[in-house]
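One structure below.
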Amino acid sequence: MRGLDTVGRLGIALVVAAVVAAAAWTLFVELPASGAELLGVLLVLAAVVGALRGGGSIGRSVFPTYNAAEVAVEGPITRDGGGGGPIPSPGSPGADDVVELIERADDDDDDAEALVLKLNTPGGAVVPSDDIRLAAKAFDGPTVAYTTDVCASGGYWIASGCDELWAREGSVVGSIGVRGSRITAAESLEKVGLEYEQLSAGEYKEAGVPFSDLEADEREYLQGIVDDYYDQFVETVAEGRNTDAESLRETEAKVFLGQTAAEMGLVDHLGTREDVEARLEELLGTEAELEELEPARSVADRLRGGAERIAYAFGAGIAARFSDPGSEFRFRF
C-alpha cells in the first residue's frame with residue numbers, strides 16, 4: 001500500500017510539473033521575441049522547480065507520507081522555552097509550542113492516527129508540564145511516550161498522560177516529587193550596609209522574598225504549597241498510570257534506571273526507537289511511518305538555538321532549576 005502511495009505522489013508531482021512547464025514555455029519562450037529566449041528558458045526552469053515542490057506538497061496531502069506524529073519534549077520544561085535560572089536552557093520548544101503541535105496533529109492532521117511523545121527532560125515548571133500532559137491525554141488515538149536519556153519529574157508527569165511509556169535500560173526515570181526553593185540574601189545585605197524594605201498588604205505577601213529570613217509560620221505556609229503540589233502529582237500519576245498512589249510515595253522522589261523502573265512498574269516496556277515503531281505497527285495494524293512535527297522557526301531562531309545548545313552542554317548537565325516570574329519562591333517538578 002505504501003508503495004502505491006509513493007507512486008501516486010510521484011505521479012501527481014510530475015503531472016503538475018508538466019502542466020506548469022508547458023504553460024511557462026508558452027508564456028516565456030514562444031510569445032517573447034527571440035532576444036528574450038535565454039531569459040525565457042531560465043524562467044521555465046525556475047517554474048518547473050517550483051512546480052515540482054508544489055506538486056510534491058499536493059501529492060503528500062493526497063497520499064500521506066506518515067500515519068503517526070512525533071513531538072519532542074527536550075530540556076527543561078518552561079512556558080516559552082526560554083528556561084530559567086543562571087544557566088540558559090538549550091532553546092527547545094516551550095510548552096505552548098509543544099501543546100500546539102499535539103493539537104495540530106489531533107485536530108488538523110487527518111494523517112496522524114497515533115501520537116509519539118519523545119521525552120528527554122529533567123522536568124520543569126508545574127503548569128506548563130500539566131498543559132502538555134493534558135494535550136497528550138486528549139489526543140484521539142494511541143499515544144506512546146518514550147524516553148532516551150531522562151524522563152524525570154515533570155517529564156514523568158507528562159508521560160502519565162500517555163497510554164504507554166517506553167525507556168532504554170540506561171534511561172533515568174522517576175523523581176516523582178516537588179521542589180520549592182529560594183535564595184537568601186539577607187545576610188549579604190547586612191554586610192554591605194543595605195536594608196530591604198517594601199510596603200505590602202496581606203500577611204504572607206512577602207513570604208519567600210530573598211531579602212529577609214523566613215519566619216516559622218512563613219516556612220510552614222510555603223511547605224504547605226509544596227505538599228499540595230506533591231499530592232496532586234502523586235494522585236495524577238497514579239490515575240494516569242493505573243497504579244497505587246502509596247507505592248509512588250514510597251519511591252521518595254528517587255530516580256531509577258530503566259531496568260529497575262520497569263520492574264517497579266514505572267515503565268511499561270524497555271526498548272529502542274525501532275521497538276517503539278514495531279509497537280506502533282501493532283497498534284495501527286499497518287506499517288508505521290513517523291513524521292516529527294516542529295514549530296515554524298526563522299533562520300535567526302535556528303542559529304540562536306544552536307548557540308544556546310552549545311552553552312547548555314558546557315554548563316547545565318542533567319539537572320536544571322526553574323523559576324516562576326516573581327523569582328521569589330520557586331515551585332517545580
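Sorting T121, T78 from the fewest to the most surrounding beta carbons within 10 angstrom yields T78, T121. Using θ = phi - 60° in the Karplus curve 6.51 cos²θ - 1.76 cosθ + 1.60, the 3J(HN,Hα) couplings for the range 271-280 round to x, 8, 4, 4, 5, 5, 5, 5, 5, 4 Hz; x is entered for Gly and Pro.
Quick check: residue separation of R273 and Q259 times 0.36 nm, minus the Cα distance between them. What number comes out in nm?
Taking 0.36 nm per residue and subtracting the Cα distance, the gain is 3.4 nm.
A simple spin-label model places the labels of E246 and D227 1.9 nm from each other, with each point 7 Å out along Cα-to-Cβ.
Residue ranges 248-257, 160-169 sort as 160-169, 248-257 when ordered by packing (mean number of other C-beta atoms within 10 Å per residue, highest first). Using all C-alpha to C-alpha distances in the range 227-288, build P(r) with 5 Å bins and read off the rounded percent in each one. All Cα pairs, binned at 5 Å, distribute as 4, 16, 19, 19, 14, 13, 10, 5, 1, 0 percent.
A cut-off of 5 Å between modelled amide H atoms, ignoring neighbours fewer than 5 places along the same chain, links T251 with no other residue. Counted residue by residue at 0.36 nm each, then reduced by the alpha carbon distance between them, the extension gain from E100 to A216 reaches 37.5 nm.
Computed from the coordinates by the stated procedures, all read-outs in this text should not be read as laboratory data. What you are looking at is a predicted structure, and each value in this text was computed from that prediction instead of being measured. Please note: Cβ atoms are built from the backbone with ideal geometry, for glycine as well, and neighbour counts cover all protein chains shown.
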